[in-house]
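Please treat every number below as a calculation from the coordinates, not as lab data. Keep in mind it's a predicted model, so treat the numbers as computed, not measured. Every residue, glycine among them, receives a Cβ derived from its backbone with ideal geometry; neighbour counts consider all protein chains shown.
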Amino acid sequence: MYRVETPVTEEDFEKYFQFRWVMLRKPWNYPPGSEKDEYEQVGHHRMVTDASGQVVAIGRLHFNTPEEAQLRHIAVHPDYQGKGLGKLVVSALESVARSEGIERIVTNSRELSTPFFQSCGFEVVGEGTTELGHLKREQMVKKLTEMNAVMLHPKWCKELQETWHQAIPISEQMGIKLYQYSGRTLEARASLNKNINLHGTMFAGSIFSLATLTGWGMLFLLLKEKGLKGEIVLGDANIHYHKPVTMQPRAICQIESLDGKFEPLSKGKKCPFRLIVELHDQHHPVAEFKGVYWVLPVEDTSEQPKH
């Protein structure tokens, strides 16, 4: 299980900068301290940690102008590459840019990293400045629009959004929308104003509904990935609330939390899945949802979410 965190304490930043130096400067024989620049104090930093709390991926965003932000220092440990953690970092930082009304994000990519940034929606627009005196880089840009927040399979994501609203009309009234899908991580968000109680916080029932639909949505998209059909129903669930939601409700489901196999479905058998949905208020964890879903075999029945 991986978690996106914002370094806050001195210890957090020590681990964060140590990882950056090891990954991005030590291989070129640069000394500790060379990994930092003049934007550290004004930048937005994110790191991904594993179940043991070890840093496995990092990245930073800073603002060049009121319209433009820049990504720098994206790095993933070699043992953890191919798990979607780089996209997880980019997504978290892109979310910061969107919340600040940024119109575009730029980055200077090494040649080997260009395909990764292209998969995140960036386009090459020219040559970038040389890094470390000799590494050629390409300047890339991503213009931020509502639609390109979804990184992978936008048609399936649109179908999922429409299924939520058609099958459960109240989900539209609650302002529940799919925000990001990377293939390994699904994030949905809801409107706080449409789900606010007399205490000025989000209704617990609304938080539960947001989590339920996010878990359901992850299975919906994974079925699409595998070319399978199935009726997804929620069998059991529990949620533990840590803190109230007062700003931006976010629900995040990572594929690493999924426990179950799709093979029985292809043989006409139902299959159970356990998964975890993490609830955040902006970037602060506030609740954890654990659900058991069943995927039932169907022939031509269109998928409908069940509670």
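Does residue 217 satisfy the criteria of being in contact (Cβ under 8 Å) with a residue 12 or more places away in the chain and not in a helix (DSSP H, G or I)? Break it down into steps so the answer makes sense when it comes.
On the way: in contact (Cβ under 8 Å) with a residue 12 or more places away in the chain: yes; not in a helix (DSSP H, G or I): no.
No; evaluated as a whole, the condition is false for this residue.
Looking at (1) touching a Phe, Trp or Tyr at 6+ places or on another chain (Cβ under 9 Å); (2) more than 21 Å from residue 93 (Cα to Cα); (3) among the aliphatic types (A, V, I, L, M), which one does residue 178 not meet, given that it meets all the others?
Only one criterion is unmet by residue 178, namely (2).
Just the residues that are out of contact with any helix residue (DSSP H, G or I) (no Cβ under 9 Å at 6 or more places or on another chain), within 20 Å of residue 88 (Cα to Cα) and among the hydroxyl-bearing types (Ser, Thr, Tyr), please, taken from segment 1-53.
Within segment 1-53, 16, 52 qualify.
If a residue must be of a type outside the set (A, V, I, L, M), assigned to a helix (DSSP H, G or I) and in contact with a helix residue (DSSP H, G or I) (Cβ under 7 Å, 6 or more places away or on another chain), how many such residues does segment 220-242 contain?
Total meeting the criteria: 2.
Restricting to segment 87-120, and then to whatever is in contact with a helix residue (DSSP H, G or I) (Cβ under 8 Å, 6 or more places away or on another chain) and surrounded by fewer than 21 Cβ atoms within 10 Å (Cβ to Cβ), can you tell me which residue is farthest from residue 143 (Cα to Cα)?
That would be 116.
Looking at 210, 279 in this structure, which one is part of a strand (DSSP E or B), within 23 Å of residue 165 (Cβ to Cβ), in contact (Cβ under 8 Å) with a residue 60 or more places away in the chain and among the aliphatic types (A, V, I, L, M)?
Details: 210 fails: part of a strand (DSSP E or B).
Unique residue meeting the criteria: 279.
Go over the candidates 265, 258, 279, 275 one by one and state the one that is within 16 Å of residue 214 (Cβ to Cβ), touching a Cys at 6+ places or on another chain (Cβ under 8 Å) and buried (at least 17 other Cβ atoms within 10 Å of the Cβ).
On the way: 265 fails: within 16 Å of residue 214 (Cβ to Cβ); 258 fails: touching a Cys at 6+ places or on another chain (Cβ under 8 Å); 279 fails: touching a Cys at 6+ places or on another chain (Cβ under 8 Å).
Going through 265, 258, 279, 275 in turn, just one is within 16 Å of residue 214 (Cβ to Cβ), touching a Cys at 6+ places or on another chain (Cβ under 8 Å) and buried (at least 17 other Cβ atoms within 10 Å of the Cβ): 275.
Looking at (1) touching a helix residue (DSSP H, G or I) at 6+ places or on another chain (Cβ under 7 Å); (2) in a strand (DSSP E or B), find the lone condition where residue 245 falls short.
(2)
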